[in-house]
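The values are calculated or read from the model by the stated rules, or taken from the named source; none is laboratory data. None of these values were measured; they are calculated from a predicted model. For neighbour counting, all protein chains shown are included, and Cβ atoms are generated from backbone atoms with ideal geometry for every residue, glycine included. These accessible areas exclude ligands, DNA and RNA; they are computed on the full protein's heavy atoms, side chains included. Shrake-Rupley method; radii C 1.70, N 1.55, O 1.52, S 1.80 Å.
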Amino acid sequence: MRASITRGPILEILILIVILAIIPLALMGNAYYELLAATVVLFSSMVVAWNIIGGYAGQLDLGAYAYMGVGGIVTAELWMKAGIPPLLGIFVGGAVSALIAILIGIPTFRFGIKEVWYALLTAALVVIFNNISRLLMGPFDYYLPPTTGFVYLKFNSYVIVYAIAASFLIIAFLVNFFVERSKMGYYFKAIREDELAAEMVGIDTRRYKLYALLLYSFLLGVMGYIYIVIAASYSYRIFDSSASLSIAIMGIIGGLGSVEGGIISSMVLRSLGEYFRSTFGSSLPGLDLLLYGAVLILIGIFQPEGISSLINKLLKRKG
Amino acid sequence: MMVEALLETKDVVKRFGGIRAVDGVSISVERGEIVGLIGPNGAGKTTLFNCITGTYTPEEGHIFFEGKEITKLPSNKIIRLGIARTWQVVRPFKKMSVIDAITTGALLRHGKIDEAREKAREVAQFLGLPEEILKKRGDEITLMQHKLVDLARALATEPKLLLIDEVGAGLRPAELNMMIETLHKINKERGTTLVVVEHIMRLVMSISKRVIVMHEGKVIAQGKPEEVSNNPQVIQAYLGIKPV
Amino acid sequence: MISPSLVLQNTIDGVFLGLFYSLVAMGLALIFGVMDIINFAHGDLLMLAAYFVWLTSADLSVDPTVTALLLVPLFFLIGLSIHYSMIQPVLGKEPLIQIAVTVGLGLILQNIALAIFKAEPKAVAYSLFSFSYSIGPITLYASKLFIAVVSIVTLYVLNLFLNRTFLGLAMKSTADNREVAQLMGINAKRLYALTFGLGTALIALSASLWMTFGQVQPYLGTSFSLISWVIVAMGGLGGVTGVLYSGIIVGLAESLGSLFLTPSARMAVVYIVFFLVLWFRPRGLFGRR
Ligand SMILES: Nc1ncnc2c1ncn2[C@@H]1O[C@H](COP(=O)(O)OP(=O)(O)OP(=O)(O)O)[C@@H](O)[C@H]1O
Ligand SMILES: [Mg+2]
């Protein structure tokens, strides 16, 4: 029993690392593709972090880019205004995001309040931050200083930027792994399955939902700065409603509670989306989102447990 | 000195709009007994359970558990004190395996996953859930198994008092006999006090030494099963609702 | 500083806007109350209808309000077909799955609109109601006044429908208590389809009103979806009056917010009001539950 628990993550992590390491090799030094790969992998890490609140705890959070953006901007501003190096700053950014998230969670996680209000409030949060930051920052793009170095988490080589994004994916994956095998993981799932029944085995459902939110929003807040590094600049447009929505979309398509499903769906669909955007971007903008929408409907109707259960079924049939 | 009751309700009232679903109910349950709680549809039995477990907060009255007032406590605190329940309609954790669902219950008193799993296995075995069921998902098992899993999940929290709502409904005669035996066993071997809401008289009468009858939110009779079933008020309550 | 007459102007505009928002949200409130379906494509259906209004009123050279005669029945049918193809299969499923399917529908509608009509906003060139009265410092726009009046009348008729007709009562009692409604022998399947059709038809009416002064672009729906949901949340399933009052509150918050802060922050003000309501009155302002 003990052995299988320790063997599990090592094997899965190894597979993940090997895949993540092969990707840049396959790109053969093409900087554009390396940057794109970093974008996709960071997106994937956000989806994996979302799995904690959405997949395990079953709370439909649509505010990923609000937490991500706040964390990123706080980190960047701390560097530019106060000279605090981002390596430290990302943790402050994460903490600020978590604090805001908790403020949203406290009123909406009370027992017996419909799930949809939480979804709405988090969707609204992205709009609120978009509006407020536009008031505070104006319509300008802010560029990070050209300085590079590890303490700034900023490098000349895109491969290293990619490697940083990849390590965030691994961290998010590990957090999921340990959550799932902890008391918290059991409690999160119980809440997702039936909140009343969860209360009746003695779970303080509100407190545990807040734990899930805390983990998720902190992770996203920390990732925000890497998002800015990849984009090289930031503005109020970082608070992007439809991008925020797509995080939850990938989580649902992948299969709630399935980290592997989330990684597959986000990598495949986002890459496909980027391909559409670069090929048809001028003639058919939005083709990528059209694709997400169609897949979402099909999954919702025919395969509500996501592609992970589809894959499992196929494997079973073979085996 | 008087022996303190395990559970005591005093003039509990719970309204829904104009209906007084529970209307001044005072009952007391002694440690170790099996009490039957019966009454026609809509009598307020389930609502009373909901008040005791904190799902609803009663508008009036007080509820005591082991002498401590629990009337306004949140559910999770009440459960921690040692009350558990099952539902009229099963509420499984559909996408979790059966063993995981029971483990979730056991985690209340065993923080470590391994210990909780062990506890869950012990409870499952005690209730006669076969090993191969434990790996199945909550949406892959039969009604009887569902009822046992709900019971197991509740028992895994190691309650002193277990509130059971219509566990017999929908079961076949053979299954019903097994269920009766199981309830007896829970009470005898684990010392758990049971309050059993039931419409199936055979089940109530065969397990409880004492029966409480509710009608339109009020307690209209209580006593030994045979006394209660001959009580004219009780007969009328049942006949008034359902002319047989 | 801000003159009192400007405050009065914005208050009046806010109330008019709020009445219109109530009409937009009413379809959603009905669908959510009766069917317990979480529809995130509500605003996108309005966007679709608004493009229809724009097309037909230009083609037939009629006033946008006239297009309602054609579009309301058409959208009833569109509602039915959406119901049977996508909503029925996810009835009673987890909220997340319902949201997934309707978000998917919204994305498809948005991006089809983007592909066909491109991103530039479209407006109807002429409307019967594009004139205004001035009373002292206050300007009353005929279009906004007209919209407010039509919204109120429609909500009143809907209220009568819900309280006086068998179908309406069936909808109302299903929203109040699903089990009791089933005991009454209401055919839930048919009722759900009709509710979704009716809710969608109401959207077409809103769209034809909107186009007397507003513009349509592919992302118009997102803000309407969110606003409608805010109104439904605040209305607390309190029926037509709950929706009406919440709509007015939202309209006022938006209008006064853009006056006292800046127009670009008006949605933030609406959501902050929503947040406060959820914090202090989690069951809504006008709900019974
Ligand atoms: N959540 C609720 N909202 C409104 N009324 C309710 C609610 N729960 C119960 N009631 C009403 O309270 C009364 C008592 O219901 P309750 O479910 O407690 O009865 P019961 O004795 O358990 O009946 P049964 O044997 O049918 O389960 C009924 O009239 C019922 O309609
Ligand atoms: Mg009952």
Taking the Cα centroid of the stretch B:43-86 and of the stretch A:80-101, what is the distance between the two, rounded to the nearest whole Å?
44 Å
Using a loss threshold of 50 Å², tell me which positions in the stretch C:90-121 are less accessible in the complex than in their chain alone. Probe radius 1.4 Å, ligands and nucleic acids ignored.
C:96, C:97, C:100, C:107, C:108, C:111
Show that you can apply the helix-only estimate: for chain A, add -39,500 (n - 2.57) for every DSSP H stretch of four or more residues, divide by all residues, and state [θ] at 222 nm to the nearest 500.
-26000 deg cm²/dmol
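Please list B:119-129, C:208-218 highest first by mean number of surrounding beta-carbon atoms within 10 Å per residue. List each step's numbers first, then the result.
Details: B:119-129: 19.2, C:208-218: 22.8.
Going from most to least packed, we get C:208-218, B:119-129.
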Would you jot down the residues in the stretch A:123-147 that end up with at least 50 Å² less accessible area in the complete protein assembly than in the chain alone, with a 1.4 Å probe?
A:128, A:131, A:135
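Suppose the chain between residue C:61 and residue C:159 were pulled fully straight at 0.36 nm per residue; how much longer would it get relative to their current alpha carbon spacing?
Values: separation 98, 0.36 × 98 = 35.28 nm, distance 3.33 nm.
Length difference between fully extended and current span is 32.0 nm.
To the nearest 0.05, how large is the calculated FRET efficiency for residue B:62 and residue A:207 if R₀ is 35 Å and r is the Cβ-Cβ distance? Could you put the intermediate results ahead of the total?
Working: r = 27 Å, r/R0 = 0.76.
Computed FRET efficiency for residue B:62 and residue A:207: 0.85.
Hey, can you find the accessible area per residue of chain C for me, probe 1.4 Å, expressed in square angstrom? Present the calculation step by step, with values, prior to reporting the outcome.
Working: 11730 Å² over 289 residues.
With the other protein chains kept in place, chain C gives 41 Å² per residue.
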What lysines sit close enough to residue B:135 to cross-link, taking a C-alpha to C-alpha distance under 17 Å and skipping anything fewer than 8 places away on the same chain?
A:189, A:313, A:316, B:94, B:95, B:119, B:147
Mean-position separation - Cα centroids, the stretch C:138-207 and the stretch C:39-82, in angstrom:
18 Å
Run the quick spin-label model on residue C:120 and residue C:85: label points 7 Å from Cα toward the beta carbon, then report their separation in nm to one decimal.
3.0 nm
Under the Karplus relation 6.51 cos²θ - 1.76 cosθ + 1.60, θ = phi - 60°, what is the ordered set of whole-Hz ³J(HN,Hα) values for the stretch B:33-47, x standing for Gly and Pro?
8, 10, 10, x, 10, 10, x, x, 3, x, 6, x, 5, 5, 4
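Do any trypsin sites (Lys or Arg not before Pro) in the stretch A:192-227 lie in a DSSP loop with no more than 10 other beta carbon atoms within 10 Å, and if so, which? Don't jump to the answer; show the numbers that get you there.
Working: sites: A:192, A:206, A:207, A:209; in loops: none.
Filter output for the stretch A:192-227: empty list.
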Applying 1/(1 + (r/R0)^6) with R0 = 30 Å to the Cβ-Cβ distance of residue B:177 and residue B:115, what FRET efficiency is obtained, to the nearest 0.05?
0.35
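Given a 1.4 angstrom probe, I'd like the percentage of the accessible area of the protein assembly as shown that is carbon and sulfur, rounded to a whole number.
Working: 22840 of 35170 Å².
Answer for the protein assembly as shown is 65 percent, counting heavy atoms of protein chains only.
Other chains near C:216-229: what is the mean number of their Cβ atoms within 10 Å of each residue's Cβ?
Values: counts 0, 0, 2, 2, 0, 0, 5, 2, 0, 2, 5, 1, 0, 7.
Counting Cβ atoms of other protein chains within 10 Å of each residue's Cβ and averaging gives 2.
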Given a Förster distance of 51 Å, report the FRET efficiency between residue A:136 and residue B:142 from their Cβ-Cβ distance, rounded to the nearest 0.05.
0.30
Buried accessible area between B and A, both sides, 1.4 Å probe, in Å² rounded to 100, is 2200 Å²
Label point at residue A:312 placed 7 Å out along Cα→Cβ; residues across the stretch B:134-171 whose backbone nitrogen lies under 18 Å:
B:134-142
Heavy-atom accessible surface buried between A and C, both sides counted, 1.4 angstrom probe, nearest 100 Å², is 3700 Å²
Label points 7 Å out from Cα along the Cβ direction at residue B:189 and residue C:11: separation in nm?
7.5 nm
Any residue on another chain or 5+ positions along whose placed amide H is under 5 Å from the amide H of residue A:84 is listed here as A:79
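Could the peptides A:259-265, A:311-317 be put in order, highest first, of the mean number of other beta-carbon atoms found within 10 Å of their residues? Working shown, then result.
On the way: A:259-265: 24.9, A:311-317: 10.9.
Highest mean packing first, the order is A:259-265, A:311-317.
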In peptide B:104-112, how many Cβ atoms from other protein chains are near each Cβ within 10 Å, on average?
5
Fraction of beta bridges assigned by DSSP in the protein assembly as shown that are antiparallel (%, nearest 5):
65 percent
In whole Hz, what ³J(HN,Hα) sequence does the stretch C:80-92 give by Karplus (6.51, -1.76, 1.60; θ = phi - 60°), x for Gly and Pro?
4, 5, 5, 4, 5, 7, 10, 7, 3, x, 10, 4, x
To the nearest Å, what is the center-to-center distance of the stretch A:104-177 and the stretch B:173-212, using C-alpha atoms only?
55 Å
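May I ask you to order B:28-34, C:24-30 by the average number of other C-beta atoms within 10 Å around their residues, highest value first?
On the way: B:28-34: 16.7, C:24-30: 27.3.
Packing order, densest peptide first, comes out as C:24-30, B:28-34.
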Mind listing the long-range amide H neighbours of residue A:62? Cut-off is under 5 Å, sequence gap 5 or more, other chains count too, H placed in the peptide plane at 1.01 Å from N.
A:122, A:123
Applied in sequence order to the stretch C:47-64, the curve 6.51 cos²θ - 1.76 cosθ + 1.60 (Karplus, θ = phi - 60°) yields integer Hz couplings, x standing for Gly and Pro, of 4, 4, 4, 5, 5, 4, 4, 4, 5, 5, 5, 6, 5, 8, 6, 10, 5, x
Can you list the residues in the stretch A:175-197 whose accessible area drops by at least 10 Å² when all protein chains are present, compared with the chain alone? Use a 1.4 Å probe, heavy atoms only.
A:181, A:183, A:186, A:187, A:189, A:190, A:192, A:193, A:194, A:196, A:197
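What does the accessible area per residue of the stretch B:52-145 come to in Å², with a 1.4 Å probe and no ligands, DNA or RNA counted? Intermediate results must be reported in sequence, preceding the final value.
On the way: 4170 Å² over 94 residues.
Heavy-atom accessible area per residue stands at 44 Å².
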Using modelled backbone amide H atoms (1.01 Å from N, in-plane), which distant-in-sequence or interchain residues come within less than 5 Å of residue B:218's amide H?
B:23
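Partner chain Cβ atoms within 10 Å, averaged over the residues of C:274-281 - can you pull that number for me? Can you show the working numbers first?
Working: counts 5, 8, 1, 2, 9, 7, 1, 1.
For this peptide, the per-residue mean of nearby foreign Cβ atoms is 4.
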